[in-house]
Amino acid sequence: MTQGLLAVMVGLLALSVTAWAQPQPSVATLQERAARGDAWAQTMLGAMHATGQGVPQDDAEAVRWYRLAAEQGDTRAQYNLGARYATGQGVRQDDAEAVRWYRLAAEQGETRAQYDLGVRYATGHGVPQDHAEAVKWLRQAAEQALWLAQDNLDLMHRNGEGVPQDDAEAVWWLRVAAEGGEAQAQYNLGVMYERGSGVREDYTEAHMWFNLAGSRATGTLRLRAVAGRDTIARQMTPGQLVEARRMAREWEEAFEQR
């Protein structure tokens with residue numbers, strides 16, 4: 001679990017500067033507003049310098065603008081500044097500073113910061129390992145519908161890390177993510193129904209979730225979902241198969257209408 005959480009955290013950092021693409025003023029207007037202390041404009045300039053969109057790519061300049069906005073309490077800038085310290089882009093790599101800025105953003109409700117802080121406590125990366133503290137931050141991110149946090153809360157409840165071991169609670173978080181359309185969670189929920197872990201064993205439900213996961217996933221996960229569906233299908237009656245396919249079809253129809 002620890003390596004998986006850390007890998008996902010690194011992947012999330014890569015998304016940090018592209019998460020809020022939106023129509024924006026000209027560079028000159030942003031620079032004028034930023035010079036007057038507008039934190040939103042400062043954050044946007046930081047993101048533009050980080051990616052080279054509309055301005056020369058310059059990690060040090062990105063950090064400068066992020067810092068100006070972060071010191072005014074802008075949560076997006078605080079998160080991105082933390083990410084810069086975590087990766088050493090435009091600034092000397094410093095886990096303690098990364099955690100400091102993540103915490104400031106997380107305490108203001110920034111979902112990605114809450115998730116990354118939770119991951120760090122789970123893995124002991126830059127902070128003393130503390131599973132209870134990890135659960136605290138992951139839960140806050142999960143309650144804001146971040147599926148990565150929901151999926152990791154499932155793991156922590158299944159493993160009894162930071163919380164009492166509880167398969168039923170694990171399934172609850174898995175279901176939240178699965179109902180949101182996340183293929184990994186759908187596959188894992190299928191496994192829980194197949195094994196009867198945290199729920200009553202139900203091959204019809206398992207087939208439905210494997211089927212849904214297979215239709216969304218790519219690569220290895222898709223192969224595993226299809227294999228799970230086909231394996232369990234050989235243990236089901238024709239009537240159960242018809243019901244499982246009907247349930248998957250109706251779930252898809254309802255999901256598309258959201």
Which Cα, out of 28, 159, 213, lies furthest along the positive dipole direction of the chain (beta carbon charges, K/R +1, D/E -1)? 28
I want to make sure I understand the PRE zone here: with the label point 7 angstrom from the Cα of residue 179 toward its beta carbon, which residues in region 111-150 have backbone N atoms less than 15 Å away? 143-147, 150
Counting alpha carbon pairs within less than 8 Å and at least 6 residues apart, what relative contact order, in whole percent, applies to the chain? 9 percent
When the chain is modelled as a GNM with alpha-carbon springs shorter than 10 Å, which of 126, 239, 82 fluctuates the most? 239
On a 0 to 90 degree scale, rounded to 10, what angle separates helix 203-216 from the longest Cα axis of the chain? 40 degrees
As a check on your grasp of the helix formula, calculate [θ] at 222 nm for the chain: sum -39500 (n - 2.57) over DSSP H runs of n ≥ 4, divide by the residue count, round to the nearest 500. -23000 deg cm²/dmol
Which order do 172, 137, 65 fall in if you start with the one that has the fewest other Cβ atoms within 10 Å? 172, 137, 65
Using only the alpha-carbon atoms, how far is helix 131-142 inclined from the longest principal axis of the chain? Give it as 0 to 90 degrees, nearest 10. 90 degrees
Can you give the charge dipole size of region 166-258 about its Cα centre, rounded to the nearest 20 debye, using +1 on the beta carbon of Lys and Arg and -1 on the beta carbon of Asp and Glu? 380 debye
What dipole magnitude, in Debye to the nearest 20, does the chain give about its Cα centre under +1 on Lys/Arg Cβ and -1 on Asp/Glu Cβ? 380 debye
Here, trypsin sites (Lys or Arg not before Pro) of region 89-185 satisfying both criteria (DSSP loop; at most 15 other Cβ within 10 Å) are 92
Taking a ≥ b ≥ c as the square roots of the Cα gyration tensor eigenvalues, with a/c under 1.5 meaning rounded and otherwise prolate when a/b beats b/c or oblate if not, region 122-180 comes out oblate
Stretchable slack from residue 255 to residue 29, in nm (0.36 nm times residue separation minus alpha-carbon distance): 77.3 nm
What angle do you read, to the nearest 10 degrees and between 0 and 90, between the alpha-carbon axis of helix 75-87 and the longest principal axis of the chain? 90 degrees
What's the exposure ranking of 255, 210, going from fewest to most Cβ atoms within 10 Å? 255, 210
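Computed from the coordinates by the stated procedures, all read-outs in this text should not be read as laboratory data. Just so we're clear, the structure is a prediction, and the values are computed from it rather than from any experiment. Please note: Cβ atoms are built from the backbone with ideal geometry, for glycine as well, and neighbour counts cover all protein chains shown.
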